[in-house]
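K.L.:
Handing you this structure, nothing more for now.
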Amino acid sequence: MKKLTIIILFFSCISLNAQNTIFFSFQPCDMGVGLRYDYQPKQLGLYTSMNYGNYRLGEKYINNHIKTSVGLLYQNYSIGINCHQFGEIVGKYSKNTLNPISFELGLKASISRFCAGIRFDPVKFEGTWDFGFNF
């Protein structure tokens, strides 16, 4: 999280004419929380995010799931690549669940300075909700 905060501050200092957005992210499948940062000077832009959570499926669980995402923005649409790291794993899971690389597709909308978005990972069948503020 410390590195992500430094990256956010760096981009906000060099991009005074761009639309910057900081989001709070929530991932329901593992009760994960995190941050997302969008840098969009024109129609094209970049985003990065990091989430942390723990899967709980009865007797089975995965502790310390860290998802890092980097992607491209075009207007209000996004496509990105995810890198997953897992801590302690108890139980048997499908190959897709433990795959360290996946991708996501997303959509966002803004009203005044507030922004909301959703991202979906079709490989792992996970969704992420983003709620943010444009500056």
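K.L.:
Can you go through TYR61, TYR93, TYR47, TYR77 and tell me which one is of a type in the set (Ser, Thr, Tyr) and buried (at least 20 other Cβ atoms within 10 Å of the Cβ)?
P.N.:
Only one candidate qualifies: TYR47.
K.L.:
Count, please, the residues in region 34-83 that happen to be within 20 Å of SER94 (Cα to Cα) and charged (D, E, K, R).
P.N.:
4
Quick note: the coordinates plus some simple rules give every number you see, no bench work behind them. These numbers come from a predicted model, not from an experiment. Backbone-built Cβ (ideal geometry, glycine too); neighbour counts: all protein chains shown.
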